[in-house]
Amino acid sequence: QVQLVESGGGLAQPGGSLKLSCLTSGTIFSNFAMGWYRQSPGKQREFVALISPSGITTLADSVKGQFIIYRDNTKATMYLQMNNLKPEDTAVYFCYIHTVPIQWGQGTQVTVSS
């Protein structure tokens, strides 16, 4: 059974940083692409970032130059380094893995506020 557990969310001030982690178990982590989505209240879930098994990354235009996605296959963990946070980055962040079917984590809340 594939399981994803996010951590690292919380409260940050505008301009601050947070690093989210997504620990995966139950599958061969290094074989699959993974990524992050986020969802703000009243809005649809929004793509944030994707990383291939070999480490090729894709970022949403809204977070380019601000967020970094990377993975450590030895730890079966994917990360999202979020810098220069803005209030509009406030959302629940979900990690996922491109197994069949796609599996999702439970989400972690990120709140950016002064």
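Remarks
- Flag if GLY26 is in contact (Cβ under 8 Å) with a residue 60 or more places away in the chain, out of contact with any Ser or Thr (no Cβ under 6 Å at 6 or more places or on another chain), farther than 14 Å from MET78 by Cα and not acidic (Asp, Glu): no
- Selection within the stretch 2-37 - open to solvent by 30 Å² or more (accessible area, probe 1.4 Å), at negative phi and in a loop (DSSP other than H, G, I, E, B): VAL2, GLY9, GLN13, PRO14, SER17, THR27, ILE28, PHE32
- Pairing each residue of the stretch 1-18 that is closer than 17 Å to GLN106 by Cβ with any residue that is open to solvent by 60 Å² or more (accessible area, probe 1.4 Å) and part of a loop (DSSP other than H, G, I, E, B), provided the two are 6+ apart or on different chains, yields C-beta distances under 7 Å for GLU6/GLN106.
The values are calculated or read from the model by the stated rules, or taken from the named source; none is laboratory data. Owing to the predicted nature of the structure, the values given are computational and were not obtained by experimental measurement. Here the Cβ is made from the backbone with ideal geometry for all residues, glycine too, and neighbour counts use every protein chain on show. What goes into the accessible areas is simple: the full protein's heavy atoms, side chains included, and nothing from ligands, DNA or RNA. Shrake-Rupley method; radii C 1.70, N 1.55, O 1.52, S 1.80 Å.
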